[in-house]
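This report concerns only the one structure given below.
The values are calculated or read from the model by the stated rules, or taken from the named source; none is laboratory data. The structure displayed is predicted, hence computed values, not measured ones. Virtual Cβ from ideal backbone geometry, glycine too; neighbours counted across all protein chains shown. For accessibility, only protein heavy atoms count, side chains too; no ligands or nucleic acids. Shrake-Rupley method; radii C 1.70, N 1.55, O 1.52, S 1.80 Å.
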Amino acid sequence: MWICPICSREFTNTNQVHSCRERNLGDFLNGKSAQTVELFDYLVEEFLAMAPIKVYPTKSMIALGLHTNFAYVTQLGKNFIDVVFPFNEIHADNLCFSKIKTVPGTNQHNHYFRMYLKGDINEEVRKYILLAIANGR
């Protein structure tokens, strides 16, 4: 593991490109509806029940990771949150992802999940959370 001497964040790659800008979770949650904050807290609790993940507020999103980031909260809406799961394969046979987009020039396929209710994290979503966590180890 490489630790950035400026922000003290751990990375698997030496000199990993990242932003050292100080961000905290409050920057993202400030002004959001109680429902949105509750959904975010529940999402993090679900991940933590499966692994000792870390939450990394970045310049434009909230990354969830272990040794590497494996999921990203890209939007905190009025009554929903958007989460992106990057996988190296397409998981087309599902009911939980609203879209799947391949990152040009890579074998990364971003799977988009929108959460409106706590119940949206069902067994199918938990399966993909576990797969994402495995990818982050």
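Using heavy-atom solvent-accessible surface (probe 1.4 Å) with all chains present, what is the largest-first order of TYR116, TYR56?
Values: TYR116 95, TYR56 30 Å².
Output order, biggest surface exposure first: TYR116, TYR56.
How much accessible area per residue does the chain have, in Å², with a 1.4 Å probe?
Working: 7870 Å² over 137 residues.
Value returned for the chain: 57 Å² of accessible area per residue.
Quick one: putting +1 on the C-beta of Lys and Arg, -1 on the C-beta of Asp and Glu, what dipole do you get for the chain around its Cα centre, in Debye to the nearest 20? Could you put the intermediate results ahead of the total?
Values: 14 positive and 13 negative charges, 73 e Å.
Result for the chain is approximately 340 debye, rounded to the nearest 20.
Quick check: residue separation of ILE3 and GLU124 times 0.36 nm, minus the Cα distance between them. What number comes out in nm? Could you put the intermediate results ahead of the total?
Numbers: separation 121, 0.36 × 121 = 43.56 nm, distance 3.47 nm.
Length difference between fully extended and current span is 40.1 nm.
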So I have [x] 18.1, 58; [y] 16.0, 56; [z] 14.9, 43, and one of them is Rg and Dmax of the Cα atoms in Å calculated from this model. Which one is it?
[z]
Relative contact order of the chain, pairs being alpha-carbon contacts under 8 Å that are 6 or more residues apart, as %:
20
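Taking a 1.4 Å probe, which of LEU29, LEU131 shows the most accessible area, and what order do the others take after it? Provide the component values of the computation, followed by the final result.
Details: LEU29 35, LEU131 55 Å².
Of LEU29, LEU131, the descending order of accessible area is LEU131, LEU29.
Give LYS59/LYS118; LYS32/LYS54; LYS59/LYS127; LYS54/LYS118; LYS59/LYS101; LYS78/LYS99 a once-over and call out the pairs whose C-alpha atoms are over 24 Å from each other.
Values: LYS59/LYS118 26 Å; LYS32/LYS54 21 Å; LYS59/LYS127 29 Å; LYS54/LYS118 20 Å; LYS59/LYS101 22 Å; LYS78/LYS99 20 Å.
Over 24 Å apart, Cα to Cα: LYS59/LYS118; LYS59/LYS127.
GluC sites (Glu not before Pro), restricted to the range 63-137: which are DSSP loop and have at most 15 other Cβ atoms within 10 Å? Walk me through the intermediate numbers first.
Details: sites: GLU89, GLU123, GLU124; in loops: GLU89.
Listed in order of number, the matching sites are GLU89.
Can you list the trypsin sites (Lys or Arg not before Pro) in the range 72-132 that are in a DSSP coil and have 12 or fewer other beta carbons within 10 angstrom? Could you put the intermediate results ahead of the total?
Details: sites: LYS78, LYS99, LYS101, ARG114, LYS118, ARG126, LYS127; in loops: LYS78.
Here the trypsin sites (Lys or Arg not before Pro) that fit, given the DSSP loop and packing criteria, are LYS78.
Using the crude model of +1 on Lys and Arg Cβ and -1 on Asp and Glu Cβ, and no other charge, please compute the dipole size for the range 27-108 relative to its Cα centre, in debye to 20.
Values: 6 positive and 8 negative charges, 63 e Å.
About 300 debye.
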Global form of the range 59-137, assessed from the alpha-carbon gyration tensor, a/c cut-off 1.5
rounded
